[in-house]
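Contents: one structure, followed by commentary.
Nothing in this text is a laboratory measurement; each read-out follows from the coordinates by a stated rule. It should be emphasised that the depicted structure is a prediction, and the values quoted were computed from it without experimental measurement. No Cβ is skipped: glycine too gets one built from the backbone with ideal geometry, and neighbour counts run over all protein chains shown.
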Amino acid sequence: MEVPDFEKLAADFYASLYRFGFALTRNEADAADLTQQTFYIWAAKGHQLRDGRKVKAWLFTTLYREFVAQKRRESRFIDTENLPESSTAETMLTTGAIAKLDGAVAQKALLSLNENYRAPLALFYLEQHSYIEIAEILNIPIGTVMSRIWRGKLKLRKLLSGIDEGTVTH
C-alpha cells in the first residue's frame with residue numbers, strides 16, 4: 001500500500017492525534033505542540049515507512065515517544081505548583097452518578113489519572129485502537145496494556161463515584 005501524501009495525513013489524523021496528545025498532556029497548547037511535532041517528524045522521516053498500512057500506528061507511536069521524551073526532559077525540574085493531589089473517593093459508581101456524568105467530568109477524571117493508565121485508556125476508548133495496536137504504540141507487552149486498561153477503569157470508577165456526593169476530586 002502506498003503511503004498517503006502529507007495533506008491527506010493531516011486531514012485524516014490531526015484531530016485524533018490531538019485528542020491523544022491532550023489525553024497525555026492535559027493541556028491544549030502542549031497537545032497542539034506534540035501533534036505539530038509528530039507531523040514535523042513525519043515530514044522529515046515519513047518517507048522511510050515502507051508499509052502504508054502502518055501510517056496510523058507510526059504517527060501515534062511517534063507522538064507517544066515525543067511525549068515520553070518531553071517528560072524526561074521536564075523531569076529534571078520540579079514543578080511545585082502542580083503537585084498531584086490524592087483521591088479519597090472509595091465508593092462504586094451508582095445509577096445516579098451515571099445519570100449526572102457528562103463529558104467534561106469524565107474528561108477531567110481521565111486527565112487526573114497517571115500517564116500509565118491515561119495513555120492506554122485514551123487509545124482504547126477515545127481512538128478505538130486494538131490492544132495489539134496500543135502495545136505497539138506504547139512499546140509495552142499486550143498483557144500490560146490489558147492490565148493498565150483494567151486498572152485504569154477501576155481508578156476512573158473510584159474518581160467518578162465522587163459525583164454522587166456532588167464532589168469530584170482534582
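With a Förster radius of 30 Å, plug the Cβ-Cβ distance of S147 and A104 into 1/(1 + (r/R0)^6) and report the FRET value to the nearest 0.05. Working shown, then result.
Values: r = 28 Å, r/R0 = 0.93.
That pair, S147 with A104, gives E of 0.60.
Using θ = phi - 60° in the Karplus curve 6.51 cos²θ - 1.76 cosθ + 1.60, the 3J(HN,Hα) couplings for the stretch 12-23 round to 7, 10, 4, 4, 5, 5, 4, 4, 5, x, 5, 4 Hz; x is entered for Gly and Pro. The packing ranking, built from the mean of other Cβ atoms within 10 Å per residue, places the peptides 27-40, 56-69 in the order 56-69, 27-40, highest first. In this rough spin-label picture, where each label sits 7 Å from Cα along the Cβ direction, the D51-N139 distance is 1.9 nm.
Evaluating 6.51 cos²θ - 1.76 cosθ + 1.60 at θ = phi - 60° for every residue in the stretch 53-68, the Karplus couplings come out as 6, 9, 4, 4, 4, 4, 5, 5, 5, 4, 4, 5, 4, 5, 4, 4 Hz, glycine and proline recorded as x.
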